[in-house]
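Visitor: My questions all concern the structure below.
The values are calculated or read from the model by the stated rules, or taken from the named source; none is laboratory data. Because the structure is predicted, anything quoted here is derived from the model rather than measured. Positions of Cβ are generated from backbone atoms using ideal geometry, with glycine treated the same way; all protein chains shown enter the neighbour counts. For the accessible areas, the whole protein counts, side chains as well, though only heavy atoms, and no ligand, DNA or RNA atoms are used. Shrake-Rupley method; radii C 1.70, N 1.55, O 1.52, S 1.80 Å.
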Amino acid sequence: MIEPTPAQMDELVAAARAARDRAYAPYSGFAVGAALLDEQGRIHAGCNVENAAYPQSQCAEASAIGNLIVAGSRRITAVVVVGVAPEPLTPCGGCRQRLREFATGATPVWSADLHQVQGRFTLGQLLPESFGPHQLP
Ligand code: THU
């Protein structure tokens, strides 16, 4: 596992916060930003994008993954999610699976709010015994 450098970590947190500032979350009022580090050290951010047809809403992590893919990457080496919540925010179940497609169980996932980094998990902790591309023939 390659941990981001302190400078990369600062950039990831800043990118996730900036993305969160652009969240479209008029229905929940819960803005989320996510930033992904790829294997080339590039950062791809995203925010949640809600919809009047509530189930069509998209999580911040899904937006960030779309941006990583369109930039030509296939690999996530670190994740930061930013939200303001009573407890440190972690990706929802569906997004844990989405991240798993391009990350490993060892990939670090940090949770942050507007002031500090609150927690560090691995994707394997968040999604143990996961189903992934390696299970398909
Ligand atoms: N949300 C995310 O964007 N990411 C998460 O990991 C948790 C939840 C969004 C979805 C919805 O727009 C709002 O937060 C409230 O659930």
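Visitor: For the peptides 7-19, 122-134, what is the packing order when you average, over each peptide's residues, the other Cβ atoms within 10 Å and list the highest mean first?
Guide: On the way: 7-19: 18.5, 122-134: 13.8.
The packing order, highest mean first, is 7-19, 122-134.
Visitor: Ok, one more. Leaving out ligands and nucleic acids, and using a 1.4 Å probe, what accessible area per residue does the chain come to in Å²? List each step's numbers first, then the result.
Guide: On the way: 7270 Å² over 137 residues.
That works out to 53 Å² for each residue.
Visitor: Mind putting a number on the dipole of segment 40-137 about its Cα centre? Charges go on the C-beta only, +1 for Lys and Arg and -1 for Asp and Glu, and I need it in Debye to the nearest 20.
Guide: Working: 7 positive and 6 negative charges, 72 e Å.
Approximately 340 debye in magnitude.
Visitor: Moving on to the next point. Taking the chain as a Gaussian network, where each spring joins two C-alpha atoms under 10 Å apart, which residue of V32, V117, V70 fluctuates the most?
Guide: Result: V70 has the largest fluctuation of those listed.
Visitor: Could the peptides 77-83, 105-111 be put in order, highest first, of the mean number of other beta-carbon atoms found within 10 Å of their residues?
Guide: Highest-to-lowest ranking by the protection proxy: 77-83, 105-111.
Visitor: Which of rounded, prolate, oblate describes segment 22-122, given a ≥ b ≥ c as roots of the alpha-carbon gyration tensor eigenvalues and a/c under 1.5 marking rounded, otherwise prolate only if a/b is larger than b/c? Walk me through the numbers before you get to the answer.
Guide: Working: a/c = 1.77, a/b = 1.24, b/c = 1.42.
Note, shape of segment 22-122 comes out oblate.
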